[in-house]
Every structure is written in C-alpha cells, then in structure tokens.
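The values are calculated or read from the model by the stated rules, or taken from the named source; none is laboratory data. Predicted model only: the values in this text are computed from it and were never measured. Here Cβ is always computed from backbone atoms with ideal geometry, including for glycine, and neighbour counts include all displayed protein chains. Ligands, DNA and RNA are excluded from the accessible area calculation, which covers all protein heavy atoms including side chains. Shrake-Rupley method; radii C 1.70, N 1.55, O 1.52, S 1.80 Å.
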Amino acid sequence: MKTHTNASVLIVEDDPQQLRLYSKALRGSRLTCVGTGTAALRALAEQVPDLIVLDHALGEGERGADFIPRLKECAAHVPIIIISGTLGLAEQLRAL
C-alpha cells in the first residue's frame, strides 16, 4: 500500500491576514511560516521544503526578491513563487 505525504511549504510573509489566506488555500500541506528572508534562511537550515512562497515586501525592511539567490543556494531544486504587488517590470525580470 502506497502512503501519501503532504507537501511541505515554507511561506515567507509578514502580513497575518495573508498568512490566514495561505493557510486556507494550502490546507493539508505542512506549513512553516516566517516573516523575513533572514528567518527563511534559518528555516531552510533545519528543513528543506517542497515549495517556497515568498512575499516581496517583508518585515524589518527586507525585500523578498533580494533573498532569491541565497534561498537557491540552500535549496536549489525547490521552486519559489514570489508574490508582489510592488515589483516593477525590471525587478520582475530580475527575479525570474
């Protein structure tokens, strides 16, 4: 018999309302929620998730897109979905 495990998702988001939305949308997944890119790097040192959801405007003045290279160093194979209403076209292309 095959056993199924739920995907693990690292959510990097500092807005409690957005975290509630993600919790509902990703119900059934194992979520780790942090509010800064710095905290995301610490979380990756403990466990590598199946997916990273990364907000651009984070707590403590951090910008999510600035952390993509460092996140990829820790978890090269993990897809990252960056969420932002503030990234301009040039920043969007750089994030890709």
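Some notes on this structure:
- Charges were assigned to the Cβ only: +1 to each Lys and Arg, -1 to each Asp and Glu. The resulting dipole of region 10-61 about its Cα centre is roughly 280 debye.
- Taking E13, E62, E46 and ordering them by how much accessible surface each has at a 1.4 Å probe, largest first, produces E46, E62, E13.
- Nearest-0.05 FRET efficiency for D66 and K24, computed from C-beta distance (R0 30 Å): 0.60
- Accessible-area order (highest first, 1.4 angstrom probe) of the listed residues D15, D50, D55: D50, D15, D55
- Cα convex hull, region 8-59: 61 Å³ per residue, rounded to a whole number.
- Long-range amide H partners of L31 with built H, under 5 Å: V9
- Charge tally for V9 (other residues, Cβ to Cβ under 10 Å; Lys, Arg +1; Asp, Glu -1): 0.
- Amide H contacts of I83 (H built 1.01 Å from N, under 5 Å, at least 5 apart or other chain): L54, D55, H56
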